[in-house]
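Structure first, commentary second.
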Amino acid sequence: MSRKPELRGRAARLARLLPSSSGSGQAARTPFVLLVVLLLGGGLIGLLVLNSALSEGSFKLDDLQKETKSLTDQQQALQRDIDAYSAPDALQRRARELGMVPGGDPAFLDPDGTVKGVPGAAAEQSSAQVVRPPEAMPLTATSPTPTATASTATVPTSTPVPTPTTTLTATPSTEPSSATPTPGR
């Protein structure tokens, strides 16, 4: 039977550092292998969960970006509509359809009751036809009917006035109503 050769020098020192091949070395190796396998398995499962969470977040981000683009397009379309309706020529056309005429020179009342400026009559409209929009409701007999034509109504006075009579027209007012006080005026 063969006997192991005796080691000398450097080989002997290395042999003393390494454990001998007995049954006790095998038992100490098993928990270490199980620990390494569990760490590797846990790491792989952790990476799988992390990758799934990142993919889900990526899909949500993509959906939100599509929704943002859709809402941005919708907002821009609505802004174009607003710009088209608020253009000066569109406003003028719509006002003429409603029977409005350009107003004359305005006059302003001071808080003490004095009048600033000289009021002027509205320009006469070339046609007396009033075009009503389809969404407008018909006026009833109890409500006052505004005259949207360029014809003027004279204000009755108790004494004859030699100067031209005061006229009323159906013009839209761009100034604030005199019934509500405006700060700073």
Result of the Cβ filter at 9 Å on segment 61-89, keeping first residues that are without any contact (Cβ under 8 Å) to a residue 60 or more places away in the chain and partners that are assigned to a helix (DSSP H, G or I), at least 6 apart or interchain, is Ala84/Ala90; Tyr85/Leu91; Tyr85/Arg94
The correct count of residues that are without any contact (Cβ under 8 Å) to a residue 60 or more places away in the chain and surrounded by 10 or more Cβ atoms within 10 Å (Cβ to Cβ) in segment 105-124 is 10
Next on the checklist: Against the definition (in a helix (DSSP H, G or I) and at pLDDT below 95), how does Val49 come out, yes or no?
Outcome noted: no
Selection from segment 62-89 of residues open to solvent by 100 Å² or more (accessible area, probe 1.4 Å) and at pLDDT below 95 yields Tyr85, Pro88, Asp89
**OP:** Would you check if Gly99 is loosely packed, with under 10 Cβ neighbours inside 10 Å and either over 33 Å from the mean Cα position of the chain (by Cα) or among the charged types (D, E, K, R) (or both)?
**Re:** no
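The values are calculated or read from the model by the stated rules, or taken from the named source; none is laboratory data. Keep in mind that this is a model prediction, so the values were computed, not measured. Using ideal geometry, Cβ is built from the backbone for each residue, glycine included, and neighbour counts are taken over all protein chains shown. Accessible surface areas use protein heavy atoms only, side chains included; no ligands, DNA or RNA. Shrake-Rupley method; radii C 1.70, N 1.55, O 1.52, S 1.80 Å.
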